[in-house]
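The values are calculated or read from the model by the stated rules, or taken from the named source; none is laboratory data. All figures in this text were calculated on a predicted structure; none of them were measured in a lab. Positions of Cβ are generated from backbone atoms using ideal geometry, with glycine treated the same way; all protein chains shown enter the neighbour counts.
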């Protein structure tokens, strides 16, 4: 109801759809002349199951309802709405990406054009966007779209992704998992390998700055192990014992019952701004012995590099609040491990987060 309160709009929605099963509800919204935002949300909910990380699951949410006839109807609806929607021409890289992924999930044989169009929209947005803080969100969409295109065998995706990344604000893109996920997944592609090597050089430049711009992503080194040429460099970073400040141990909040602790279980950290005496890195650790709360330890660069390797679980446990001697023992193990760890062990921890994180070509849907 135009002009109504949010409560009025919710009430009107439930009066209209309360007795309609969820799948049919989304079909109805897409078929009706509803506002574009409502149409897009219905498409997204119909074709994807959103998990706790905000990514779609591998299987369609209402697969039993999506017969070939239904899929054809949805694809026709999408084509019609995209062709006449003014807001798609005006803005919204997120909308283009959502539509492209939906088509990919519905029928991969028709997805290539939509995926390529989404990347073009993202590139145009990068070039016209005055607020460069949006580059991270644009890149998050681009990495997924690019990997899906490569799964479909569209090698044009390589050059287009490299061009998009090179147009971003590198200073906001220190995180290799955010910026270079397609390149790390396909390191044998020369253009991608160069992208990662350039990123690592940018990282070394950032680490040489005084004062160091501290953030967790500055110390994110595990993904670089996907490039064999960088393993010696990663081992060298693990030998950097430059002092950063102190670690302060705090008591962790109880883990909510039934919640999967996820990839970073037990490694939650909060960094304070550098000040007199160096940075104070607050660590919320799952310890039971209350006498350790408030404990302060010396913090070094190599500790944060080792912490990143421990987070992705490619080696032994590592805690910032351990005595230095114990930390050094594990860091020594990591120096040896980075030279021998297998590629799959580097990528696998992330595969559970992103349904689309795969090197394998997809099998195209057979239409009856």
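Output the residues belonging to region 341-368 that are at pLDDT 85 or above and surrounded by 13 or more Cβ atoms within 10 Å (Cβ to Cβ).
Let us first name the residues in region 341-368 that are at pLDDT 85 or above, namely 341-342.
Correct list: 341 only.
If we keep just the residues of region 313-327 that are part of a helix (DSSP H, G or I) and in contact with a helix residue (DSSP H, G or I) (Cβ under 9 Å, 6 or more places away or on another chain), which is farthest from residue 218 (Cα to Cα)?
Filtering region 313-327 for residues part of a helix (DSSP H, G or I) gives 324-327.
If we keep only those that are in contact with a helix residue (DSSP H, G or I) (Cβ under 9 Å, 6 or more places away or on another chain) as well, we get 324, 327.
Working: 324: 22, 327: 20 Å.
The selected residue is 324.
So which of 212, 249 ends up being modelled with pLDDT under 90, assigned to a strand (DSSP E or B) and in contact with a strand residue (DSSP E or B) (Cβ under 9 Å, 6 or more places away or on another chain)?
249
Sort out which residues of region 328-340 are buried (at least 17 other Cβ atoms within 10 Å of the Cβ) and either over 20 Å from residue 218 (Cα atoms) or modelled with pLDDT under 90 (or both), and write them in order of number.
Selection gives 330, 337.
Please work out which residue is surrounded by the most Cβ atoms within 10 Å (Cβ to Cβ), limiting yourself to region 59-97 and to residues that are in a loop (DSSP other than H, G, I, E, B) and either modelled with pLDDT of 85 or more or more than 27 Å from the chain's Cα centre (by Cα) (or both).
Among those residues, the one meeting the criterion is 66.
Just to be sure before I move on: is residue 310 part of a helix (DSSP H, G or I) and at pLDDT 85 or above in the structure I sent?
Against the criterion (part of a helix (DSSP H, G or I) and at pLDDT 85 or above), residue 310 qualifies.
Taking the condition closer than 17 Å to residue 346 by Cα, assigned to a helix (DSSP H, G or I) and at pLDDT 80 or above, does residue 203 pass?
So residue 203 fails the test.
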